[in-house]
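I have placed the structure first, in the form of structure tokens, so that the comments after it can refer back to it.
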Amino acid sequence: MRRCCRVAFTWSVIVGGLWGLVHLAPELNLDAGRELALLILLGMVAEWLAVPFQRGQLSGGFAVILATFVVHGPAAAAWVGGLATLFGQGLVNRGQGMRTVLFNGAQYVLAALGGNYAYLLAGGATSGRTATGNLPALLAFTAAYMFVNHILVYLYTRPNKRYYPLVGWRDAFQWDLLTYVLATPIGLLMALVRDKVGLAGLSLLFLPVLATQFILRLYVELALTNRELAVLYEISRRLGRKHDPGQVVEIVLRETRRVIAYHTGIIYLWSDEERCYRPGAVLSPHARQIRELRFVPAEGFLGEVVQAREPYLIMDTRQDERVGKEPGFPQFLRSAMMVPLVVEEDVLGLFLVGERRPQAFDRKQLHTLTVIGSQATVAITNAVLYRRLENMAITDGLTGLYNHRYFYLRTQAEFQRAARQGDSFAVIFFDLDHFKDLNDQYGHLAGDAILAQLGEVIRNNLREGDVAARYGGEEFAVLLPSTGEHRAVYAAERIREAVRRHAFAWEGRTWPVQVSISAGVAVFPKDGTDLTTLLRAADRALYRAKEMGRDRVVTSGSGAES
């Protein structure tokens, strides 16, 4: 519906502009055709050198329109403005469709009509417009011309305002106002000296218009560059605070939209577990389907981009033979940019943004995305290293389980939670039976191999949320949140039986001796109302299990085998 309204508005303006030209045609002074042709040519040059930005363009061509209005009247101003735009933008097209070119020409015609209406309301003279007393009316013409022109462009671009992240409506208005402020004196000067300097002199007076546009181009480019740098700085600043890879990629996708408008954004990250690239973050209406996508290096188009390690720009997926029949994003995106996230010899992932319309991106935006991708690569690398260091600080290097310090902190936190909520939790201590004899007979390397495999067995037989740790030497501990005695004993027995069934191996062969463990169980608050008492109760239960012959589970309360 919104698209239909925009199309209807566009064609209404085009038809209105055409009607204006037809309506004003009888008022044209064809005897001045040579001069009008020169003015049209000057207007075309102004359009060729116009300063494009995301919400339109800045052109000093109003100086030509104003001079034409003062010398030849509203009909000539409308025809010169309309034809200069049609020929200028039609010959030097910046990726605009013909409908856009027609709209731009028509809106200049309507702006001239609106300006003439305001001029007459202000008491403007129909002849002798260069008189000093006529200046207020000419300023009214300028203000109305700018207002009509700006409003029509605003309504035309408003449905696509999300495509202009760096330029707001106020920016467009201020830059437009600056253009008219600079062009108006030049236009009045051209009209005043026209009789004295002739056509050649009129052309020379147009040079300040070109100089004005050059200054405007520098001003706009500097403003946009400063805004882009500010966003890039903000991205870098925010990424420096995050130490989680998932948060990093989410921030990158969100902040990128402040610089580059896109329909779908995906950051693929390498997964060691799956041995492929999978979406680490997605911003898209199709996010749920995209999260299921995977690819591997050198296979498929995305795999080739990763393998090449170079940014890639797709202007139109339907015209690019490499992606025409590729499953995934080419099925709903017409244009896309891809930046591999490269660090030294590795490719951490792939940054992809896409749009549903063709030719939505250019090389400058690809460069910007590459800069953001470089920042993301550094931040992801730092986050991964930080996580590894963090894990090293709380993880036992041999078994991969948590260490004693982390287990105590988690148990302390669970104790506070359970005491506050009136809940229960359990602690289980495990000890590898006859571990000293094993070390003495087969050596410490064999003992380490058994401990590492034992840690894996324990981890594989716990629920999500349970915490397993190597408590010290051959002793292990397990924290079971929100668990009573019956379920705790069941969990301990499950682990004990799993250890007995497990085929322990060392140096490529099965361990010749049966491996078993003993376990002691204590439950809060039944076996201790403070943490120290509870841990001592579990330790005493483990000691009794070993005294009773090992390879068994003993609870703190019973003092007997469960």
**Q.** Distance between modelled label sites at Glu456 and Asp423, nm, 7 Å Cα→Cβ extension
**A.** 3.2 nm
Q | Sparsely packed trypsin sites (Lys or Arg not before Pro) within the range 304-357, loop by DSSP, other Cβ within 10 Å at most 16 | A | Arg309, Arg318, Arg322, Lys325, Arg356
Q. Taking 0.36 nm per residue of separation and subtracting the Cα-Cα distance, what length does fully extending Leu218 through Ala413 add?
A. 64.2 nm
Q | For the range 205-321, diffusion coefficient by Stokes-Einstein and Kirkwood Rh (Cα), 25 °C, 0.890 mPa s, µm²/s | A | 140 µm²/s
Q. Relative contact order of the range 404-555: what whole-number percent is it, with Cα pairs under 8 angstrom and at least 6 residues apart?
A. 30 percent
Q.
Based on the alpha-carbon set only, what is the convex hull volume of the range 2-228 divided per residue, in Å³?
A. 116 Å³
Q. Label points 7 Å out from Cα along the Cβ direction at Thr533 and Val197: separation in nm?
A. 10.1 nm
Q. For Asp244 and Met548 in one chain, what is 0.36 nm times their gap in residues minus the Cα-Cα distance, to one decimal in nm?
A. 104.7 nm
**Q.** Around Leu178: net Lys/Arg minus Asp/Glu count, Cβ-Cβ under 13 Å
**A.** 0
**Q.** Förster-model FRET efficiency, 35 Å R0, Val343 and Leu313, C-beta, rounded to 0.05
**A.** 0.95
Q.
Once R0 is set to 45 Å, what does the formula 1/(1 + (r/R0)^6) return for the Cβ-Cβ distance between Arg288 and Leu121, expressed as a FRET efficiency to the nearest 0.05?
A. 0.20
**Q.** Two-site label geometry, Val7 and Thr130: point separation in nm, points 7 Å out along Cα→Cβ
**A.** 4.9 nm
Q. Can you give the angle from 0 to 90° between the axis of helix 169-205 and the longest principal axis of the chain, with both taken from C-alpha atoms, to the nearest 10?
A. 30 degrees
Q: Evaluate Rg over Rh across the range 253-407, taking Cα atoms for both radii and Kirkwood's formula for Rh.
A: 1.05
Q. Using r as the Cβ-Cβ distance of Lys436 and Arg257, and R0 as 56 Å, what FRET efficiency do you calculate, to the nearest 0.05?
A. 0.35
Q | Added length on full extension, which subtracts the Cα-Cα distance from 0.36 nm per residue, Arg322 to Met98 | A | 77.7 nm
Q. So what's the back-of-envelope 222 nm ellipticity for the chain, counting only DSSP H runs of four-plus at -39500 (n - 2.57) apiece and dividing by all residues, rounded to 500?
A. -19500 deg cm²/dmol
Q: Give the distance, in whole Å, between the Cα centre of the range 467-494 and the Cα centre of the range 1-80.
A: 82 Å
Q: Give the order of Cys276, Cys4 when sorted by the count of other beta carbons within 10 angstrom, beginning with the fewest.
A: Cys4, Cys276
Q) Which is the longest stretch in the chain that no exposed loop site breaks, taking sites as GluC sites (Glu not before Pro) with a DSSP loop state and at most 11 other Cβ atoms within 10 Å? A) 1-272
Q. Where does the range 404-555 land on Rg(C-alpha)/(2.2 N^0.38 Å)?
A. 1.04
Q) Counting Lys and Arg as +1 and Asp and Glu as -1, what is the net charge of the other residues whose Cβ lies under 15 Å from the Cβ of Gln416? A) 0
Q. Relative to the first principal axis of the alpha-carbon coordinates of the chain, what is the inclination of helix 404-421, with its axis defined by its Cα atoms, in degrees from 0 to 90 and to the nearest 10?
A. 80 degrees
Q.
Out of all Cα-Cα pairs in the chain, roughly what percent, to the nearest whole number, are more than 47 Å apart?
A. 44 percent
Q) So for His263, His434, His367, fewest C-beta neighbours within 10 Å to most, what's the order? A) His367, His434, His263
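Readers should treat all values here as calculations from the given coordinates under stated rules, not as data from a laboratory. Given the structure is predicted, the values throughout are model-derived calculations rather than measurements. When we count neighbours, we look across all protein chains shown, and the Cβ atoms used for this are built from the backbone with ideal geometry, even at glycine.
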